[in-house]
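Colleague: Questions regarding the structure given below will be posed in turn.
Read-outs throughout are calculated quantities, based only on the coordinates presented, and are distinct from any laboratory measurement. Small disclaimer: the values here were computed from a predicted structure and weren't measured. A quick note on method: Cβ atoms are made from the backbone with ideal geometry, for glycine too, and the neighbour counts reach across all protein chains shown.
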Amino acid sequence: MPKVARDLTNVEIKRLDKPGFHTVGHVPGLQLQITEKGSRSWVLRIRIGTKRREIGLGSARGMTLSQAKEYAAEIRRKVRYEGIDPVAERKAARSALLAEQAKAITFKECAERVIAKKMAEATNKKHGKQWQSTLEQYAYPVIGDMSVDDIELSHIVEVLEPHWESRTETMTRVRQRIEAVLNYAITSEYRQRSNPAVWKGVLSNVLPSPNKIAKVEHHRALAIDAMHDFMADLRQRQGNAARCLEFVVLTAARSGEARGATWSEIDLEKRLWVVPGERMKAGKEHRVPLSDVAVKLLKAQPQGSGDDLVFPAPRGGKLSDAAMSALMRRMGVQATVHGMRSTFRDWAAERTSTPNAIAEMALAHAVKGVEGAYRRGDLLAKRARLMGQWAEFIDTKPAKAGTATPIRDNHAAT
C-alpha cells in the first residue's frame, strides 16, 4: 500500500513557489509540478505493470485541487481494477481521433483535388475550369461542405432534379463529375459506402433517362448558298473581329485557334499556318494550308503587336469569342461562329466529291476506322486544293437562290 502524504489545503498549495514536484496528499502519487518559469500543473506518479509513469493531468490554472484529486483517483481505479494503461489509452484515443478527422474531408475539398489532377492531365485547360464552374454552381451549394462519407442518394437528387429536364446536358455532366469525385473519395478511403451518383441501377431508378428528354442542339450553321452574301457583308465590316471571323471561314478553323494565331505560326511564303499541339483540341499539331484569299487577308493585317497576335483585341491581348458572336448578331446572322465549320463540311460533302478523310483532316478531326488506323500523312496538298475551291466557291455568287455553282472535282479517291 503506497504511503499517502498529508493533505495540503488550497491555501498551502497557493503558497508553494519552489520549482519541482510537491506531494499534494489524499491520492497516492498526486503532485503539483512547478517549473522554473513558474507554471503549475498536476501530475500523477503511478506504477503500471512493471513501468513507472508520470501522467500529466492538466494545468493547475484550469483544474482545481478537488478536480485533480477526482481525476487522479479515477486513473488509479482504472489501473488497479481494470488493468488499463491510461497513457496507452490516451494515445489510442488521440490516434483514432486524428484518423477520423483525416477521413472527414468535405466534397468540395475532394473535388478540388480531382480538379487539380484533371488540370495537370488536360491538354485543354478549359475543361478543368468547366468542372470548377459547374460544381460551384450546382453541387457545392448542396453538398460542398458535407463530408464525402455522409453524402447519400437524396443529396445527389437534390442537386440534379431541379434542372434535370431544363438543362439535361449540363446536369448530365454535373452527375458524371460528382460520380468521379466520389469514386476518388472511395479509392482514397475517405468514403466507405457505394457511390450514389452512379447512373445505372441507382439514379436511373429515380430520374428520367436523359436520352428521352434531351434534344442535342448542334451549333447553328449558315446555309451553304448564303455564304457568298455573308462574306461580302463581312468584308465591308471593320475591325479585327471581322477579319478573324473571315479567317475562321476561309480556314475552317475553330474560333480559339484563329483568335490565338500568332505571326510566328504563319509562313506566308509556304502558304502555311502551323497550329501547335497545345492550342489544338486533340493536342496534336495541325497544319493548315492557306488559300490565295487567306494569304491576301493576312498580308493586309498590320504586324508588330507586342504579343505577336495576328488578330489582337482593340486594347491588346486575344480577341474574345463573344466579340465575334456579337458581330454576327449585329449582322443579323442566325448562326454561330463554330457553325461555320459545319457549313464548310456540308459544302464539302454535298457540292464536291472530296473523300471523307480529306474533309475531316481539314477540320482537324481524327479519321476513324481502318482508314484512320493506316493513314500516316495529313494530305496537305489535297487539303490545299480543297481550301482553294472553298475560297472560290465563297467568291462565286450562286446563279439563283437555292442553286449552287458547280465546283470542279480535283480529288481522286486514294
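Colleague: Run the dipole for the range 224-395 about the Cα centre, Lys and Arg Cβ at +1, Asp and Glu Cβ at -1, nothing else charged, and hand back the magnitude in debye, nearest 20.
Modeller: That gives a dipole near 220 debye.
Colleague: Here is a further query. So, in Å, what gap is there between the alpha-carbon centers of the range 113-176 and the range 302-366?
Modeller: The range 113-176 and the range 302-366 have Cα centres separated by 31 Å.
Colleague: Hey, another quick one. Taking the highest mean first, how do the peptides 131-143, 201-213 order by number of other beta carbon atoms within 10 angstrom per residue?
Modeller: Ranked from most to least packed, the peptides come out as 131-143, 201-213.
Colleague: Work through the residues other than P289 whose Cβ is under 12 Å from its Cβ and net out their charges, Lys, Arg +1 and Asp, Glu -1.
Modeller: Once all neighbours under 12 Å are counted, the net charge is +3.
Colleague: Let me ask something else. Within a 10 angstrom radius of the beta carbon, how do M340, M280 rank from fewest other beta carbons to most?
Modeller: M280, M340
Colleague: May I ask you to work out the translational diffusion coefficient for the range 224-395 at 20 °C, viscosity 1.002 mPa s, via Stokes-Einstein with Rh from the Kirkwood sum over Cα pairs, reported in whole µm²/s?
Modeller: 130
Colleague: Let me ask something else about it. Based only on Cα atoms, what mean projected area does the convex hull of the range 107-213 have, in nm²?
Modeller: 6.6
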